[in-house]
Structures are given as C-alpha cells and as structure tokens.
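The values are calculated or read from the model by the stated rules, or taken from the named source; none is laboratory data. Quick caveat: nothing in here was measured; it's all calculated off a predicted structure. Here the Cβ positions follow ideal geometry from the backbone for every residue, glycine too, while neighbour counts run over all protein chains shown. The protein model used for the area step is the full one, side chains on, heavy atoms only, and it has no ligands, DNA or RNA in it. Shrake-Rupley method; radii C 1.70, N 1.55, O 1.52, S 1.80 Å.
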Amino acid sequence: MAEVSTTLTPPVASVTTELYYAETEDTGLKQVFGVQSIPTIISAPEDITYRTLESRTEFAVQGVRAYETIEIELLYYKEQYSALAALEEAGDPIYWYVKLPDASAGSGSSAKPLVVKWQGSVSVSLGEVALDDMVKCTLKIGKSSVPTTMDGLPSGS
C-alpha cells in the first residue's frame, strides 16, 4: 500500500495565501495585508432531508448552498482601514480574489495557483481590543455572485 502519491502536488502550508480586491473586474487588484485567516468561501450545499412512513431511516438529497458572509480578521493599518471604509461608504459591490500559495500550483512552467473569485459587498469595523494583543479590524465580505475558481490571478492585475 502506498503511503504517499508521486502523482499529486505535495500539500502546502497556508503561508503566502493572499487576499485582493478590485473595483473593476480583473483590473487594478489591491492586496489586503495583515490577514489572520480566511474562512470557507465555497461551502458544501445544505442537505434537504425527508422521511417516509414505511422506513426508520431519514434520507437526504443535495440542496442549495446557503448565503454566507465571510468575516476576516485583519491587523489594523490606518491607511488600509480608511480605504476599505471608503469602499463601504460608496456601497458598490467589488471583486474579491483569494490566491493560494504559489507552491500549490503543481509542476510545469505554466502551472498557476488556484484563485477563488467572487463579487460582493464590503464592511469594515474595529475588532475587539484585548489585553496584550494587536489592534485588529474585521472585514465582512458579502457575496453577490457565485464564487468561481480559476488558475492564477487575472493578467490585467
């Protein structure tokens, strides 16, 4: 029995995962700095369950993906906070991009890391101020489009 696969790209750590946004699709991407973690962007669909009188078993079929906002904790940088607050004030949905580390791309000269892209709203607020911790803010991103995946960041960036 094989313990490792020689045909799969080796697993990589989350270090160097990057978050970007753009006011115009695929153009002028700006990186968000101080990202502490990125929650699930594309979640599994919720099950629709049902039962029948003649059975003691509950059954399920695939349902829909529920709407979820994404809350990302960031280190507080005044300039970045102000820029994100200005985008929130404008109220226009913007484009979001999460790029996995370059090492996740696999082999080959044309290999590019996976990028998740979607359009959504933005809200930013100061996070909890705690004893012996960094000042942080919370970036809340909505979804007004279905997240998609692509290889590498757009070339217009």
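Using unit Cβ charges (K, R positive; D, E negative) and no other charged atoms, how large, in debye to the nearest 20, is the dipole of the chain about its Cα centre?
Computed about the Cα centre, the dipole is about 260 debye.
Quick check: convex hull of the Cα atoms in segment 113-157, volume per residue, rounded to a whole Å³?
Hull volume over Cα atoms, normalised by residue count, gives 118 Å³.
If the chain between T40 and S123 were fully stretched, how many nm would it gain, using 0.36 nm times the residue separation less the Cα-Cα distance?
Taking T40 through S123 to full extension adds about 28.1 nm, to one decimal.
What shape does segment 76-157 take by its C-alpha gyration tensor, where a ≥ b ≥ c are the square roots of the eigenvalues and a/c under 1.5 counts as rounded, a/b above b/c as prolate, and the rest as oblate?
oblate
Taking all protein chains in place and a 1.4 Å probe, what share, in percent, of the accessible surface of the chain do carbon and sulfur account for?
Within the chain, the accessible surface is 52 percent carbon and sulfur.
At a Förster distance of 35 Å, what's the computed FRET efficiency of S110 paired with A60, Cβ-Cβ distance as r, to 0.05?
0.30
When the chain is modelled as a GNM with alpha-carbon springs shorter than 10 Å, which of A60, A44, A103 fluctuates the most?
Taking springs between Cα atoms under 10 Å, the residue moving most is A60.
Counting only GluC sites (Glu not before Pro) that sit in a DSSP loop (anything but H, G, I, E, B) with at most 14 other Cβ atoms within 10 Å, what is the longest stretch of the chain containing none of them?
Counting at most 14 other Cβ atoms within 10 Å as exposed, the longest clean stretch of the chain is 69-127.
Compute the accessible area per residue over segment 1-155, keeping the other protein chains in place, probe 1.4 Å, unit Å².
Accessible area per residue: 68 Å².
Quick one: Cα centre-to-centre distance for segment 1-67 and segment 73-132, in angstrom?
16 Å
In whole Å, what are the extents of the chain along the principal axes defined by its C-alpha atoms, from largest to smallest?
Cα extents, longest axis first: 62, 44, 38 Å.
To the nearest 20 debye, what is the magnitude of the charge dipole of segment 72-157 about its Cα centre, counting +1 on the Cβ of each Lys and Arg and -1 on the Cβ of each Asp and Glu?
Taking the Cα centre of segment 72-157 as origin, the dipole is about 340 debye.
Would you count, across the chain, every pair of lysines whose alpha carbons are under 21 angstrom apart, provided the pair is eight or more residues apart or spans two chains?
Counting lysine pairs in the chain gives 15.
Only Cα pairs within less than 10 Å get springs; with that Gaussian network setup on the chain, which residue of L126, L100, L139 has the largest fluctuation?
In the Gaussian network model the winner is L126.
For segment 55-63, what does the Karplus curve 6.51 cos²θ - 1.76 cosθ + 1.60, with θ = phi - 60°, yield as ³J(HN,Hα) per residue in whole Hz, taken in order and with x for Gly and Pro?
Values, residue by residue: 9, 8, 9, 8, 10, 8, 10, 5, x Hz.
Which one of L87, V146, G120 has its Cα pushed farthest toward the positive end of the charge dipole of segment 20-152, where Lys and Arg give +1 and Asp and Glu give -1 at the Cβ?
V146
Search the structure for amide H atoms under 5 Å from the amide H of K136, placed 1.01 Å from N in the peptide plane, and list their residues when 5 or more places away or on another chain.
Result for K136 returns Y76, G127.
With axes computed from alpha carbons, what is the tilt in degrees of helix 78-90 against the longest principal axis of the chain, rounded to the nearest 10 within 0 to 90?
Around 70 degrees separate the two axes.
With loop defined by DSSP as not H, G, I, E or B, and exposure as at most 16 other Cβ atoms within 10 Å, which is the longest segment of the chain clear of exposed trypsin sites (Lys or Arg not before Pro)?
In the chain, the maximal stretch lacking such sites is 66-157.
Would you look at the GNM of the chain, springs on alpha carbons closer than 10 Å, and say which of D92, D26, D133 moves the most?
Of D92, D26, D133, the most mobile in the Gaussian network model is D133.
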